[in-house]
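Notes follow the structure.
We did not get these values from a lab; they are worked out from the coordinates using the rules stated. From a predicted model like this one, the values you see are computed outputs, not experimental measurements. So basically every Cβ, Gly included, is an ideal-geometry build from the backbone, and we count neighbours across all protein chains shown.
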Amino acid sequence: MDSHLSDAVPTKYMNALSEIKSRFKRVLDQMVDDSSSLLEMIRPAQDSKFGDYQANCAMPMKGMLGEPPRKIAEQIVAKLEIDDLCHSVEIAGPGFINLKLDDSWLKQRLTEALPDPRLGVPLVDTPGTYVIDFSSPNVAKPMHVGHIRSTLIGDGLSKTLRFVGHRVITDNHLGDWGTQFGMIIYGYKHLVNPQAYAEKPVQELGRLYKQVRQIIDFHAASQQRPTLLERIAKQRAELEELDSGEPVDDKKKRKEIGRRKAKIAEQQEQANELEAKMATVQSDTDLLKLAEQHTDIATEVLTETAKLHAGDQENLALWNEFLPYCREDIRRIYDRLGIEFDHELGESFYHDQLEGVVESLAEKGLSRESEGATCVFMEQYDTPMIIRKKDGAFLYATTDLATIQHRATTWQPSAMLYVVDHRQHQHFEKLFDAAKLWGYDDVEMTHVSFGTVLGDDGKPFKTRSGDTVGLEGLLDEAVHRAGQLATELNPEGNAAELQEVAQVVGIGGLKYADLSQNRSSDYKFSYDKMLALKGNTATYLQYSFARVQGILRKGNIDIEAMRNDPVAFCFENDVERELGVSLIRFGETLDEVLIDYKLNLLANYLFELAQTFSGFFENCPVLKNEDEDLKQSRLQLCDLTARTIQTGLSLLGIDVVEKM
RNA sequence: GCCCCGGUAGCUCAGCUGGAUAGAGCAACUGACUUCUAAUCAGUAGGUCGCAGGUUCGAAUCCUGCCCGGGGUGCCA
């Protein structure tokens, strides 16, 4: 995993943007005290007609220097030593400085990238150690679409951080110590089918989990539904008193009415859900019979869980027996997604450290008793972080603190990233602040949050009885759709190859649909969108790659020879230069990605690169070119494009195929 | 009540540490396969960037207020 570190070489490659910035820095440092914010105003040009890069720093300097921005821009340009890098430096509009890369400089970068497996992307100057916590499913429960974001974003960030030269430790903080084990232990003791368990333990445990869940939900729903309906009726009556149906002038009152209506609708929705859960059981006579036999199942499950936590021999033995099966179950999905973890230290790993965590915080005077619970109060929050319940049990905050302690002492990371959905934001704020007070104050702790997965209706995706979209089914469907299209487009294709294409395109499309979106936005789940195979999709990028491979194949090109003995790059057509500029931006894109851990910037970059390539593909014949040097130059551009796409996609965890 | 996030084209979303005429994909419409892969390309159409103020050379982007939606908010994770 650390191979990029072991063969690290001194940075010989240049990143256009940082090189331009360093040239500007020399000038700006003579003019102002602090140039850092001004340097950030140098960025890729918004429109290619302005050049390749633009510096917007002259305008804000008006306030500092009291001169017209255009004049300041002129002074900057006069002092700028950048001729070798940019052949055209122009001032435009109110004081924009537009920069166009010098072609020979650009060609030099491309020539360096060609034989380089890293495509000219420099390694970071100061490698850090990142512990990344992601995926973290509860074992023994089926994985569903809600788990996909953390898994994909975490994996993508790990790969990207590693690629630029950081040391990365991935840790899957499994939920392997919770109530779900009480459920399968109870299920195993009362409802198991021994033969099925002997033959297919993973499947049987899954069945037991589901069945126990259904029965618990059934009883809970039967109990809650009448009171809920009663409450709704009462609220309806109150609403009628308030809202006569006449138009209401009073704004506050109108708002109140709206609020109550929404609340009633929400509760009605809940009631419907409860009814659905009841119906699931009632429509199945065997299940209904079981439900009637196990009326105390909810408390029994809690008892089994408590016994497990207390070290009960029998339950602990069962837990030890079940856990490997549960891991195997989720492993199957990770295998299909091509995801591996360095560590899988679940909640159970920490349970015997929790007492010590609470003691340590108490010793340092950071916690105190309040209403029977042990709490960490911090002045910036009006509610405490509770680390021990009044009944003595620990909470996830306690486990998370133990985890920080373990990671910090074991790996001495420079950063710990938590790829967890945004609803836990406050929890992480408190957790990080508490950890800092506790002494872990020299490590970056970041909650890499992401939006909730919403259903088709735009409402938060809920794990309801039955109608969740299981992750495994989603993967199957993705591969199936890709396979259908592949077969349609290549009716004479070889079956094994088509199957390979279906896998790569189907899974890749699913991943890209998620990763190409800004992680902080809520995610509206849609089959059609996640499984789309045209437009801005992984398929488009994979297709670009395959097109290049087609050319290389048809031209019978000796690729190694071409890479190691290149001809001078030639920009005959504008789009060739455009492609070249796009290619050398791979490295700076990765820098951008890692500033805020936003992988969608990489996806966007790759899409734009592929679009530029499509333009090149249309307008620039390669093999049928008479001019041998031009042909070679174009082959070199093709090869670089394909490898950049392949490498970029690999950082997103997406594969490519030679033919599709 | 308080706190956090969001509201951009018919749909799904980029763009948000202020920058030049607001972008993409899908859907719609018009064209391009005897051509290195048409899973593609070229083009057309589509927007009071929730509303109202403010800050300034310049605001989708920053500030304030409001409207709408979602989430969180002391013993779940």
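Overview of results
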| item | result |
| --- | --- |
| Cα pair distances exceeding 20 angstrom across the range A:471-651, given as percent | 58 |
| Mean Cβ count within 10 Å, highest first, over the residues of peptides A:313-321, A:504-512 | A:504-512, A:313-321 |
| C-alpha center-to-center spacing [the range A:68-110, the range A:469-502] in angstrom | 50 |
| Cα-projected label distance for A:Asp382 with A:Leu228, points at 7 Å along beta-carbon direction, nm | 3.0 |
| Cα centroid separation, the range A:174-244 to the range A:113-133 (Å) | 48 |
| Helix axis angle, A:251-282 relative to chain A longest principal axis, alpha carbon, degrees | 70 |
| Additional length obtainable on full extension of the chain from A:Gln282 to A:Gln611, 0.36 nm per residue less Cα span | 112.9 nm |
| Whole-Å distance, taken between Cα centres, linking the range A:384-439 and the range A:568-632 | 44 |
| Nitroxide proxy distance, nm - points 7 Å out along Cα→Cβ at A:Glu340 and A:Lys659 | 3.0 |
| Length added when fully stretched, A:Thr111-A:Thr129, from 0.36 nm per residue minus Cα-Cα | 3.3 nm |
| Average projection area in nm² (convex hull over Cα atoms of the range A:284-355, one quarter of hull surface) | 7.7 |
| Simple spin-label estimate for A:Leu489 and A:Arg553 in nanometres, 7 Å along Cα-Cβ | 1.3 |
| Filter on A:Lys21/A:Lys534; A:Lys79/A:Lys100; A:Lys21/A:Lys62 - keep pairs with C-alpha separation over 26 Å | A:Lys21/A:Lys534 |
| Hull volume in cubic angstrom per residue (convex hull over the Cα atoms of the range A:179-325) | 147 |
| Neighbourhood net charge (11 Å Cβ-Cβ; Lys/Arg +1, Asp/Glu -1) for A:Met530 | +1 |
| Helix-only [θ]222 nm of chain A, DSSP H runs n ≥ 4, -39500 (n - 2.57) each, per residue, nearest 500 | -19000 deg cm²/dmol |
| For peptides A:566-578, A:186-198, sequence by mean Cβ density within 10 Å, most packed first | A:566-578, A:186-198 |
| Projected-area average for chain A over all orientations - Cα convex hull basis, square nanometres | 39.4 |
| Angle between chain A longest axis and helix A:495-515 axis [Cα atoms, degrees, rounded to 10] | 80 |
| Extension gain, A:Arg236 back to A:Leu437 (0.36 nm per residue minus Cα-Cα distance, nm) | 67.4 nm |
| Proximal charge balance of A:Leu606 [Cβ under 15 Å; K/R count +1, D/E count -1] | +1 |
| Net +/- balance of residues flanking A:Trp319 in space, Cβ distance below 11 Å, scoring K and R +1, D and E -1 | -4 |
| C-alpha long axis of helix A:354-363 to longest principal axis of chain A, angle in ° | 80 |
